[in-house]
1. If F62 satisfies all but one of (1) modelled with pLDDT of 95 or more; (2) under 17 Å from the mean Cα position of the chain (by Cα); (3) open to solvent by less than 70 Å² (accessible area, probe 1.4 Å), what's the number of the condition it fails?
2. State all residues of the stretch 167-181 that are open to solvent by 20 Å² or more (accessible area, probe 1.4 Å) and within 12 Å of the chain's Cα centre (by Cα); if no residue qualifies, say none.
3. Would you point out the residue of the stretch 81-93, among those that are surrounded by 15 or more Cβ atoms within 10 Å (Cβ to Cβ) and among the hydrophobic types (A, V, I, L, M, F, W, C), that is nearest to L169 (Cα to Cα)?
4. Pull out all pairs, ordered by first then second residue, where Cβ-Cβ is under 6 Å, the residues are six or more apart or on different chains, the first lies in the stretch 176-187 and is farther than 8 Å from H58 by Cβ, and the second is of a type in the set (V, I, T) and modelled with pLDDT under 90.
5. Limited to the stretch 109-143, what total is found for residues that are open to solvent by 30 Å² or more (accessible area, probe 1.4 Å) and aliphatic (A, V, I, L, M)?
Amino acid sequence: EKLINKHINDFKKGIRTTSYDKSGNPYIKESEPFDLSRSSHIEMGVINEYVPFVPDGHPVLFFDYQQGEVLKAQLETTHADVWQRVKVKADHYMRRTPAEFKDDEGEQLWQREVGNTIQFLAFAGYMSEDHKYFDKAYSWAEKCASYPTWGTDNTSDGQEFGLAYGHQLLGLAMLYDYGQGYLTRSQLQKVRETVYARASRLYNAYTKESLNLLTNHCWINICGILASAMSLHKDYEETALWK
(Lines give C-alpha, C1' and ligand atoms only; values in the text may rest on other atoms or scores of the structure.)
Protein backbone atom coordinates (compact mmCIF):
# COMPACT_ATOMS: atom_id res chain seq x y z
CA GLU A 1 0.00 0.00 0.00
CA LYS A 2 1.12 3.58 -0.59
CA LEU A 3 1.22 6.42 1.89
CA ILE A 4 1.00 9.84 0.20
CA ASN A 5 1.74 13.14 1.92
CA LYS A 6 1.44 16.62 0.41
CA HIS A 7 3.98 18.19 2.77
CA ILE A 8 7.69 17.67 3.38
CA ASN A 9 8.24 15.51 6.44
CA ASP A 10 11.14 13.75 8.09
CA PHE A 11 9.93 10.58 9.77
CA LYS A 12 12.99 9.80 11.90
CA LYS A 13 11.28 6.93 13.66
CA GLY A 14 9.42 5.61 10.64
CA ILE A 15 5.77 4.68 10.76
CA ARG A 16 4.11 2.01 12.85
CA THR A 17 0.64 0.69 12.06
CA THR A 18 -1.42 -1.73 14.13
CA SER A 19 -4.33 -3.68 12.68
CA TYR A 20 -6.65 -5.96 14.63
CA ASP A 21 -8.55 -9.10 13.80
CA LYS A 22 -12.12 -9.73 14.92
CA SER A 23 -10.90 -10.95 18.30
CA GLY A 24 -8.88 -7.81 18.89
CA ASN A 25 -5.51 -9.47 18.32
CA PRO A 26 -2.92 -7.04 16.89
CA TYR A 27 -0.96 -7.18 13.65
CA ILE A 28 1.92 -4.70 13.73
CA LYS A 29 3.75 -3.30 10.71
CA GLU A 30 6.71 -0.90 10.89
CA SER A 31 8.74 1.06 8.35
CA GLU A 32 12.32 2.22 8.44
CA PRO A 33 13.07 5.96 8.99
CA PHE A 34 12.46 7.99 5.84
CA ASP A 35 12.02 11.46 4.34
CA LEU A 36 8.71 12.09 2.63
CA SER A 37 8.28 15.02 0.28
CA ARG A 38 5.35 16.19 -1.79
CA SER A 39 4.02 13.67 -4.32
CA SER A 40 6.33 10.95 -3.03
CA HIS A 41 5.47 7.69 -1.33
CA ILE A 42 6.93 4.75 0.55
CA GLU A 43 6.16 1.07 0.19
CA MET A 44 4.83 -0.41 3.42
CA GLY A 45 3.75 -3.70 1.93
CA VAL A 46 0.49 -5.18 3.17
CA ILE A 47 -0.54 -3.40 6.35
CA ASN A 48 -4.17 -4.46 6.61
CA GLU A 49 -3.70 -8.22 6.64
CA TYR A 50 -5.68 -9.60 9.54
CA VAL A 51 -4.00 -12.68 10.95
CA PRO A 52 -4.38 -14.55 14.24
CA PHE A 53 -1.64 -13.23 16.49
CA VAL A 54 0.10 -16.09 18.25
CA PRO A 55 3.80 -15.25 18.75
CA ASP A 56 6.10 -18.00 17.51
CA GLY A 57 7.46 -19.67 20.62
CA HIS A 58 6.31 -17.00 23.07
CA PRO A 59 5.50 -16.71 25.90
CA VAL A 60 7.39 -19.48 27.66
CA LEU A 61 8.02 -18.01 31.11
CA PHE A 62 5.52 -19.18 33.76
CA PHE A 63 2.83 -19.88 31.12
CA ASP A 64 2.44 -20.47 27.40
CA TYR A 65 0.12 -18.60 25.03
CA GLN A 66 -3.00 -20.69 25.69
CA GLN A 67 -2.48 -20.69 29.45
CA GLY A 68 -2.01 -16.92 29.29
CA GLU A 69 -5.30 -16.46 27.46
CA VAL A 70 -7.11 -18.50 30.09
CA LEU A 71 -5.50 -16.45 32.85
CA LYS A 72 -6.53 -13.19 31.15
CA ALA A 73 -10.16 -14.35 31.13
CA GLN A 74 -9.95 -15.17 34.83
CA LEU A 75 -8.92 -11.62 35.71
CA GLU A 76 -12.58 -10.62 35.64
CA THR A 77 -13.81 -13.66 37.57
CA THR A 78 -11.88 -15.93 39.91
CA HIS A 79 -8.71 -13.81 39.86
CA ALA A 80 -10.35 -10.38 40.00
CA ASP A 81 -9.24 -9.56 43.55
CA VAL A 82 -5.66 -10.63 42.91
CA TRP A 83 -5.55 -8.70 39.65
CA GLN A 84 -6.71 -5.51 41.34
CA ARG A 85 -3.82 -5.77 43.79
CA VAL A 86 -1.40 -6.40 40.94
CA LYS A 87 -2.75 -3.44 38.99
CA VAL A 88 -2.43 -1.08 41.98
CA LYS A 89 1.23 -2.02 42.32
CA ALA A 90 1.83 -1.78 38.56
CA ASP A 91 0.28 1.69 38.51
CA HIS A 92 2.59 2.64 41.37
CA TYR A 93 5.57 1.59 39.25
CA MET A 94 4.18 3.65 36.38
CA ARG A 95 4.76 6.78 38.45
CA ARG A 96 8.41 5.97 39.11
CA THR A 97 11.44 7.15 37.17
CA PRO A 98 14.10 4.69 35.95
CA ALA A 99 17.00 4.60 38.39
CA GLU A 100 20.21 6.36 37.43
CA PHE A 101 23.44 4.42 37.83
CA LYS A 102 25.38 4.83 41.05
CA ASP A 103 28.60 2.98 41.83
CA ASP A 104 28.52 1.77 45.41
CA GLU A 105 31.77 -0.20 44.92
CA GLY A 106 30.01 -3.35 46.03
CA GLU A 107 27.28 -5.61 44.76
CA GLN A 108 25.08 -2.67 43.74
CA LEU A 109 22.10 -4.37 45.32
CA TRP A 110 19.92 -1.36 44.48
CA GLN A 111 19.75 -2.81 40.95
CA ARG A 112 17.60 -5.67 42.22
CA GLU A 113 14.61 -3.32 42.36
CA VAL A 114 15.29 -2.30 38.75
CA GLY A 115 14.83 -5.91 37.68
CA ASN A 116 11.78 -6.33 39.91
CA THR A 117 10.15 -3.26 38.37
CA ILE A 118 10.66 -4.53 34.82
CA GLN A 119 9.24 -7.94 35.78
CA PHE A 120 6.10 -6.49 37.29
CA LEU A 121 5.36 -4.05 34.47
CA ALA A 122 5.96 -6.70 31.79
CA PHE A 123 3.52 -9.08 33.48
CA ALA A 124 0.91 -6.35 33.98
CA GLY A 125 1.28 -5.31 30.35
CA TYR A 126 0.77 -8.82 29.03
CA MET A 127 -2.23 -9.54 31.23
CA SER A 128 -3.94 -6.19 30.54
CA GLU A 129 -2.76 -5.96 26.89
CA ASP A 130 -2.04 -2.30 27.65
CA HIS A 131 0.95 -0.80 25.81
CA LYS A 132 1.59 1.78 28.52
CA TYR A 133 3.03 -0.83 30.87
CA PHE A 134 5.39 -2.07 28.17
CA ASP A 135 6.45 1.48 27.34
CA LYS A 136 7.36 2.11 30.96
CA ALA A 137 9.03 -1.30 31.33
CA TYR A 138 11.17 -0.57 28.28
CA SER A 139 12.27 2.79 29.69
CA TRP A 140 13.57 0.93 32.75
CA ALA A 141 15.13 -1.78 30.56
CA GLU A 142 16.91 0.82 28.45
CA LYS A 143 18.36 2.40 31.58
CA CYS A 144 19.30 -1.02 32.93
CA ALA A 145 21.16 -1.84 29.71
CA SER A 146 23.16 1.38 30.02
CA TYR A 147 24.62 0.50 33.44
CA PRO A 148 28.38 -0.06 33.01
CA THR A 149 28.36 -2.75 35.71
CA TRP A 150 25.76 -5.02 37.24
CA GLY A 151 27.14 -5.51 40.70
CA THR A 152 30.25 -7.64 40.95
CA ASP A 153 31.72 -6.89 37.52
CA ASN A 154 35.37 -6.42 36.60
CA THR A 155 36.67 -8.43 39.53
CA SER A 156 40.32 -9.44 39.83
CA ASP A 157 39.61 -12.96 38.57
CA GLY A 158 37.57 -11.68 35.64
CA GLN A 159 34.30 -13.14 36.83
CA GLU A 160 31.02 -11.24 36.64
CA PHE A 161 28.12 -12.26 38.83
CA GLY A 162 25.89 -11.11 41.67
CA LEU A 163 22.31 -10.74 42.79
CA ALA A 164 21.82 -7.75 40.48
CA TYR A 165 22.38 -10.12 37.55
CA GLY A 166 19.68 -12.55 38.66
CA HIS A 167 16.99 -9.92 39.24
CA GLN A 168 17.68 -7.92 36.10
CA LEU A 169 18.01 -10.90 33.79
CA LEU A 170 14.64 -12.24 34.93
CA GLY A 171 13.05 -8.84 34.36
CA LEU A 172 14.54 -8.39 30.90
CA ALA A 173 13.75 -11.98 29.92
CA MET A 174 10.10 -11.49 30.91
CA LEU A 175 9.95 -8.22 28.99
CA TYR A 176 11.35 -9.88 25.87
CA ASP A 177 9.09 -12.92 26.24
CA TYR A 178 5.87 -11.02 26.92
CA GLY A 179 6.64 -8.00 24.75
CA GLN A 180 6.77 -9.75 21.37
CA GLY A 181 3.52 -8.17 20.21
CA TYR A 182 3.98 -4.85 21.99
CA LEU A 183 7.58 -3.67 21.61
CA THR A 184 9.03 -2.46 18.32
CA ARG A 185 11.63 -4.50 16.45
CA SER A 186 14.39 -2.14 17.55
CA GLN A 187 13.26 -2.33 21.17
CA LEU A 188 13.10 -6.12 21.08
CA GLN A 189 16.57 -6.20 19.55
CA LYS A 190 17.94 -3.99 22.32
CA VAL A 191 16.44 -6.16 25.05
CA ARG A 192 17.49 -9.39 23.30
CA GLU A 193 21.10 -8.28 22.89
CA THR A 194 21.30 -7.13 26.51
CA VAL A 195 19.91 -10.39 27.84
CA TYR A 196 22.28 -12.43 25.68
CA ALA A 197 25.38 -10.42 26.56
CA ARG A 198 24.77 -10.29 30.30
CA ALA A 199 23.50 -13.87 30.64
CA SER A 200 26.58 -15.06 28.76
CA ARG A 201 28.79 -13.35 31.32
CA LEU A 202 26.89 -14.87 34.22
CA TYR A 203 26.87 -18.33 32.63
CA ASN A 204 30.63 -18.13 32.09
CA ALA A 205 31.12 -17.19 35.73
CA TYR A 206 29.25 -20.28 36.89
CA THR A 207 31.12 -22.65 34.57
CA LYS A 208 34.59 -21.61 35.70
CA GLU A 209 36.06 -24.42 37.76
CA SER A 210 38.09 -21.95 39.81
CA LEU A 211 34.99 -20.16 41.06
CA ASN A 212 32.81 -21.62 43.80
CA LEU A 213 29.49 -19.80 43.77
CA LEU A 214 27.29 -22.43 45.39
CA THR A 215 25.82 -20.09 47.99
CA ASN A 216 22.31 -18.91 48.75
CA HIS A 217 22.80 -16.32 46.00
CA CYS A 218 23.35 -19.11 43.50
CA TRP A 219 19.67 -19.93 43.03
CA ILE A 220 18.73 -16.36 42.14
CA ASN A 221 21.46 -16.15 39.53
CA ILE A 222 20.60 -19.56 38.09
CA CYS A 223 16.99 -18.41 37.80
CA GLY A 224 18.20 -15.43 35.75
CA ILE A 225 20.27 -17.70 33.48
CA LEU A 226 17.40 -20.14 32.98
CA ALA A 227 14.88 -17.38 32.22
CA SER A 228 17.33 -15.93 29.71
CA ALA A 229 17.83 -19.28 28.02
CA MET A 230 14.10 -19.90 27.76
CA SER A 231 13.24 -16.45 26.40
CA LEU A 232 16.05 -16.60 23.81
CA HIS A 233 15.47 -20.20 22.74
CA LYS A 234 14.45 -19.11 19.23
CA ASP A 235 17.30 -16.64 18.82
CA TYR A 236 20.57 -18.28 19.90
CA GLU A 237 21.23 -22.01 19.65
CA GLU A 238 23.92 -21.93 22.33
CA THR A 239 21.41 -20.86 24.99
CA ALA A 240 20.28 -24.50 25.10
CA LEU A 241 23.48 -25.15 27.05
CA TRP A 242 22.37 -22.72 29.75
CA LYS A 243 19.50 -24.96 30.75
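1. Answer for F62: the failing condition is (3).
2. Passing the criteria: L170, Q180.
3. Applying the filter and picking the extreme gives A90.
4. No pair meets every condition.
5. Residues flagged as open to solvent by 30 Å² or more (accessible area, probe 1.4 Å) and aliphatic (A, V, I, L, M) within the stretch 109-143 amount to 1.
The values are calculated or read from the model by the stated rules, or taken from the named source; none is laboratory data. Small disclaimer: the values here were computed from a predicted structure and weren't measured. Counting neighbours? That spans all protein chains shown, and the Cβs are built from the backbone with ideal geometry, glycine included. We work out accessible area using only protein heavy atoms, side chains counted, and drop any ligands, DNA or RNA first. Shrake-Rupley method; radii C 1.70, N 1.55, O 1.52, S 1.80 Å.
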